[in-house]
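Asks: This is the structure I have questions about; it appears just below.
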Amino acid sequence: MRKISIFGATGSIGQSTIDLIRRDPAAYDVVALTGGGNIAQLARDAIALNADLAVTAYDENLPQLRDALADSGVAVAAGQAALIEAAARPADWVMSAIVGAAGLAPGLKALEQGATLALANKESLVCAGKLLLETAARYGARLLPVDSEHSAVFQGLVGEDIEAVERIIITASGGAFRDWPLADLKNATLAQASSHPNWDMGQRITIDSASMFNKALEVIETREYFGVSPDRIEVLVHPESMVHALVGFNDGALMAHLGAPDMRHAIGYALHWPQRRDLPVARLDLAAIGQLNFAEPDPIRYPALAQAYAVMERGGMMGAAFNGAKERALDLFIAGRIGFTDMAEITARVLDQIETQSGLIDSAMTLDNVSRIDHIARNAADAAAATGIR
Ligand code: NAD
Ligand code: MG
């Protein structure tokens, strides 16, 4: 039996992971499940999967979790220290599916105990790619990508020499506002930004898809994970979300990865890697689909993309600043305090400001320094919002 833990078990990726695990329960010994505010779901899954431990990220939810799991045999805990302790428990495979920079510390801890870390939490790589990869190497652990595009690239590289790769193309649906008149974007509402044309995902990544902050993070994720230079990474708008990524080689070959827009493919690939197993995902019928479309992303509609390239150009820990500012700007948009297009205005300002003010960006990449930059960037985003954006 493989020992597994799922961080962010109550979220969209966490639930898809549990769906796969529950199809073959005898194969897995579940160590820890973690969640946030959805205690009923966390408790239900902890019982169904017979987990050793259930952790909520929030202290105030501990009494409710304790009640829900009384007499179940599942141990309970709450708070940041408990998340780290859960990640320190030996496991063979750990799903990192917390949303945001909060996923970094548990992910690092899981690598330190040698686990294979299935990384849905792209923010970790954006904030601290080098630290994660070095930690994995030091402890003989492994990182596997669980983003549809990155799983696609990873599969496209099996048996290939990375030196023969000319370019990596990741696709983007274009999100909720792909076809909106540009002038209307500033009035886009939270409800409008929270619906995705093709994928069913958590609210934050769905809004990030509409703004393409998600793709911006993924460009950086591509650079960090595969080690290719930024000028070899391209973004292609593909409204159908069926081609997830393409790898271009030095002989002109372009290998595309296609599949239904269902995260259980990328999760399942990471779960069974290096084998392929049958997965409960729809099979594409290309004749029925008939046609697939591709277009250049519009830099005016999606300013976050150029910011990602500027972040990579600057290097150091600029990724942590970018992600922290983005997370805070997204919080402010969700809270109704800023408009949709203000988010990219805020991140642009924070990047400018941190570029000129903070020597910290070039200091050693440690968890402490990443957290400090994250904190500075969030405060700078608040300050930018308070002084008015437009
Ligand atoms: P979600 O919002 O549905 O779930 C997030 C999970 O993290 C929940 O279990 C929540 O309780 C927990 N959580 C939230 N804040 C936390 C905190 N501060 N500390 C500890 N736990 C916290 O999100 P999701 O859509 O499942 O996305 C999870 C991660 O996977 C993100 O990094 C996202 O970018 C990435 N991802 C998601 C998809 C998708 O299809 N949903 C696809 C690719 C990558
Ligand atoms: Mg993706």
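Asks: Tell me yes or no: at least one residue of the stretch 54-68 is charged (D, E, K, R) and under 29 Å from ALA128 (Cβ atoms). Explain how you work it out, then say what you get.
Replies: Taking the stretch 54-68 and keeping what is charged (D, E, K, R), we get 59-60, 66-67.
Next, only the ones that are under 29 Å from ALA128 (Cβ atoms) stay: 59-60.
Yes, the stretch 54-68 has at least one match.
Asks: Only one residue in GLY324, GLY388 is under 26 Å from SER194 (Cα atoms) and not in a helix (DSSP H, G or I). Which one?
Replies: Testing whether each residue is under 26 Å from SER194 (Cα atoms) and not in a helix (DSSP H, G or I) leaves just GLY388.
One line per residue, one yes/no per condition, for (1) within 18 Å of PHE213 (Cα to Cα); (2) touching a Gly at 6+ places or on another chain (Cβ under 7 Å):
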{"residue": "LEU330", "(1), (2)": "yes, no"}
{"residue": "GLU345", "(1), (2)": "yes, no"}
{"residue": "ARG349", "(1), (2)": "yes, no"}
{"residue": "ILE354", "(1), (2)": "no, no"}
{"residue": "VAL370", "(1), (2)": "no, no"}
{"residue": "ARG378", "(1), (2)": "yes, yes"}
{"residue": "THR387", "(1), (2)": "no, no"}
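Asks: Could you tell me whether the stretch 154-170 includes any residue that is assigned by TED's automatic domain parsing to the domain that holds GLN113 and at positive phi?
Replies: Scanning the stretch 154-170, I find no residue that is assigned by TED's automatic domain parsing to the domain that holds GLN113 and at positive phi, so the answer is no.
Asks: Restricting the search to the stretch 2-13, which residues are surrounded by 22 or more Cβ atoms within 10 Å (Cβ to Cβ) and within 16 Å of ligand 2 (Cβ to nearest atom)?
Replies: Within the stretch 2-13, GLY8, GLY11, ILE13 qualify.
Asks: Quick one: which of ALA321, ALA329, ALA335 is surrounded by fewer than 23 Cβ atoms within 10 Å (Cβ to Cβ), of a type in the set (Gly, Ala, Ser) and not assigned by TED's automatic domain parsing to the domain that holds GLU123?
Replies: Numbers: ALA321 fails: surrounded by fewer than 23 Cβ atoms within 10 Å (Cβ to Cβ); ALA329 fails: surrounded by fewer than 23 Cβ atoms within 10 Å (Cβ to Cβ).
Exactly one of ALA321, ALA329, ALA335 is surrounded by fewer than 23 Cβ atoms within 10 Å (Cβ to Cβ), of a type in the set (Gly, Ala, Ser) and not assigned by TED's automatic domain parsing to the domain that holds GLU123, namely ALA335.
Asks: Something else about it: All but one of (1) without any contact (Cβ under 8 Å) to a residue 24 or more places away in the chain; (2) exposed (fewer than 15 other Cβ atoms within 10 Å of the Cβ) hold for ARG372; state the number of the condition that does not hold.
Replies: Looking at each condition in turn, ARG372 falls short on (2).
Asks: For the stretch 115-142, which positions are away from ligand 2 (no atom under 16 Å from the Cβ), in a strand (DSSP E or B) and within 16 Å of the chain's Cα centre (by Cα)?
Replies: Across the stretch 115-142, the qualifying residue is only LEU117.
Asks: Check the stretch 268-284 and report whether any residue there is free of Cβ contacts under 8 Å to residues at least 60 places away in the same chain and either in contact with a strand residue (DSSP E or B) (Cβ under 7 Å, 6 or more places away or on another chain) or not assigned by TED's automatic domain parsing to the domain that holds GLY159 (or both).
Replies: yes
Asks: I would also like to ask the following. Restricting attention to the stretch 77-133, which residues are near ligand 1 (Cβ under 10 Å from one of its atoms) and of a type in the set (S, T, N, Q)?
Replies: Of everything in the stretch 77-133, those that are near ligand 1 (Cβ under 10 Å from one of its atoms) and of a type in the set (S, T, N, Q) turn out to be GLN80, SER96, ASN121, SER124.
Asks: Now, a different point. If we only count helices (runs of 4 or more DSSP H) wholly inside the stretch 162-259, which ones have 1 or more residues that are closer than 30 Å to LEU133 by Cβ and of a type in the set (Asp, Glu)?
Replies: Output list reads 203-211, 213-226.
Asks: Still on this structure, I have one more. Kindly indicate whether SER209 is out of contact with any Cys (no Cβ under 6 Å at 6 or more places or on another chain) and more than 15 Å from ligand 1 (Cβ to nearest atom).
Replies: So SER209 fails the test.
Asks: Let me ask something else about it. Which ones in the stretch 62-101 are in contact with an Asp or Glu (Cβ under 8 Å, 6 or more places away or on another chain) and either away from ligand 2 (no atom under 16 Å from the Cβ) or within 16 Å of ASP45 (Cα to Cα) (or both)?
Replies: Matches in the stretch 62-101: VAL74, ALA75, ALA77, ALA78, GLY79, ALA88, ARG89, ALA101.
Asks: Same structure again: I'd like the full set of residues that are closer than 25 Å to ARG66 by Cβ and either among the charged types (D, E, K, R) or crowded, with 20+ Cβ neighbours inside 10 Å (or both), limited to the stretch 83-101.
Replies: LEU83, GLU85, ALA86, ALA87, ARG89, ALA91, VAL94, MET95, ALA97, ILE98, VAL99
Asks: Now, a different point. Only one residue in ASP59, ASP45 is surrounded by 21 or more Cβ atoms within 10 Å (Cβ to Cβ) and farther than 22 Å from THR366 by Cα. Which one? Break it down stepwise before answering.
Replies: Working: ASP59 fails: surrounded by 21 or more Cβ atoms within 10 Å (Cβ to Cβ).
None of the other options fit; the residue is ASP45.
Asks: Sort through ALA193, ALA188 and tell me the only one that's modelled with pLDDT of 95 or more, away from ligand 1 (no atom under 12 Å from the Cβ) and over 20 Å from the mean Cα position of the chain (by Cα).
Replies: ALA188
Asks: Sticking with this one: Would you be able to tell me the number of residues in the stretch 179-233 that are buried (at least 18 other Cβ atoms within 10 Å of the Cβ) and of a type in the set (Asp, Glu)?
Replies: 4
Asks: I need every pair where a residue in the stretch 220-241 that is touching a residue at least 24 places away in the same chain (Cβ under 8 Å) has its Cβ under 6 Å from the Cβ of a residue that is part of a helix (DSSP H, G or I) and surrounded by fewer than 18 Cβ atoms within 10 Å (Cβ to Cβ), sequence separation at least 6 or different chains.
Replies: ARG223/PRO230; PRO230/TYR309
Asks: Any residue in the stretch 308-337 that is over 19 Å from THR356 (Cβ atoms) and touching a residue at least 24 places away in the same chain (Cβ under 8 Å) sitting within a Cβ distance under 6 Å of a residue that is acidic (Asp, Glu) and surrounded by fewer than 24 Cβ atoms within 10 Å (Cβ to Cβ)? List the pairs, counting only those 6 or more apart or interchain.
Replies: none
The values are calculated or read from the model by the stated rules, or taken from the named source; none is laboratory data. These numbers were taken from a predicted model, which means no experiment stands behind them. Neighbour counts run over all protein chains shown; Cβ positions are idealised from the backbone, glycine included.
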